[in-house]
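Here's the structure, in structure tokens; my notes come after.
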Amino acid sequence: MSSDQKDFYAHETAVIDEGCEIGKGTKIWHFSHIMPNCKIGENCNIGQNVVVSPDVVLGKNVKVQNNVSIYTGVTCDDDVFLGPSMVFTNVINPRSAVNRRGQYSKTHVGKGASIGANATIVCGHDIGEYAFIGAGAVVTKTIPAYALVVGNPSRQIGWMSEYGHKLVFDKEGKAICPESGDVYFLKEGKVSKSNS
């Protein structure tokens, strides 16, 4: 790709393989490798030393911090944050001597979710929209929308607003984000945001 054919920025040390789709306004920084057939949306930021494997899909405005590995089978919706050195896996039972290339498990990260530094997402477990995965957490099960999870193995300790604040629900199951003023409801173990 010549520089006059692209409307994204890539540092000269970045490796971008043929067959990638990279959206307008995206920035790809030092020593990152974007592999064939992946799709990266508009206005993403791919930090230093990041690997984006074949067939990965990233939505718009995805922020990928330094040293992140995004393996085949992962898809991320818009506005996802992937913290420094977090990692996805894509094989449940890897062995060096056994080729499991056709057995990749899928992981989907919902809109607006944040995954903290050094977290590990074990493949086959989706992350709900606006979920918040704490630094160092090891996710071994599917995480619901707006959930706040920490630890190894991760456990849910609360709920988060779309602005990233812990929600405190009253006895009627209502909470208000202190930054946005948005109203949330907790009913039958699920959080939803009021449309009014």
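The values are calculated or read from the model by the stated rules, or taken from the named source; none is laboratory data. Treat the numbers as computed from the prediction; the structure is a model and nothing was measured. Methodologically, a virtual Cβ is constructed for each residue, glycine included, from the backbone with ideal geometry; neighbour enumeration extends over all protein chains shown. In case anyone asks, the SASA skips ligands and DNA or RNA and just uses the protein heavy atoms, side chains included. Shrake-Rupley method; radii C 1.70, N 1.55, O 1.52, S 1.80 Å.
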- Query: Rounded, prolate or oblate: which one fits segment 128-190, using the alpha carbon gyration tensor with axes a ≥ b ≥ c (rounded when a/c is under 1.5, else prolate when a/b beats b/c, else oblate)?
  - Reply: prolate
- Task: Specify whether the C-alpha gyration tensor of segment 1-65 places it in the rounded, prolate or oblate class, a ≥ b ≥ c being the square roots of the eigenvalues: rounded for a/c under 1.5, otherwise prolate if a/b is larger than b/c and oblate if not.
- Result: rounded
- With all protein chains present and a 1.4 Å probe, how do Ile176, Ile121 order by accessible area, largest first? Ile176, Ile121
- Mind checking the full-extension length gain between Val98 and Lys6? Use 0.36 nm per residue of separation minus the Cα-Cα distance, one decimal, nm. 29.2 nm
- Message: Over 18 Å apart: what share of the alpha carbon pairs of segment 72-196 falls there, rounded to a whole percent?
- Response: 53
- Message: Students often forget the sequence filter, so: which lysines lie under 21 Å Cα-Cα from Lys27 once same-chain residues fewer than 8 apart are removed?
- Response: Lys6, Lys39, Lys60, Lys63, Lys111
- Message: Treating only the Cβ of Lys, Arg, Asp and Glu as charged (+1, +1, -1, -1), what charge dipole size does segment 116-196 show about its Cα centre? Round to the nearest 20 debye.
- Response: 240
- Message: Nothing charged except the Cβ atoms of Lys and Arg (+1) and of Asp and Glu (-1): what's the magnitude of the dipole of segment 73-116 about its Cα centre? Round to the nearest 20 debye.
- Response: 380
- Query: Sorted by mean Cβ packing within 10 Å, highest first, what order do the peptides 140-153, 106-119 take?
  - Reply: 106-119, 140-153
- Task: Could you check the simple spin-label distance between Lys193 and Val15, using points 7 Å along Cα→Cβ, in nm with one decimal?
- Result: 3.9
- In nm, what is the difference between 0.36 nm times the number of residues separating Glu179 and Thr140 and their Cα-Cα distance? 10.9 nm
- Protection proxy (average C-beta count within 10 Å per residue), highest first, orders 42-49, 97-104 as 42-49, 97-104
- Task: Give me the distance between the Cα centres of segment 82-125 and segment 145-193, rounded to whole Å.
- Result: 25
- A student applying the Cα gyration tensor rule (rounded when a/c is under 1.5; otherwise prolate if a/b is larger than b/c, oblate if not) would label segment 1-150 oblate
- Task: Ignoring everything but the protein chains, give the 1.4 Å probe accessible area of Phe169 in square angstrom, nearest 10.
- Result: 40
- Mind giving me the FRET efficiency for Val168 and His108? R0 is 35 Å, r the Cβ-Cβ distance, nearest 0.05 is fine. 0.75
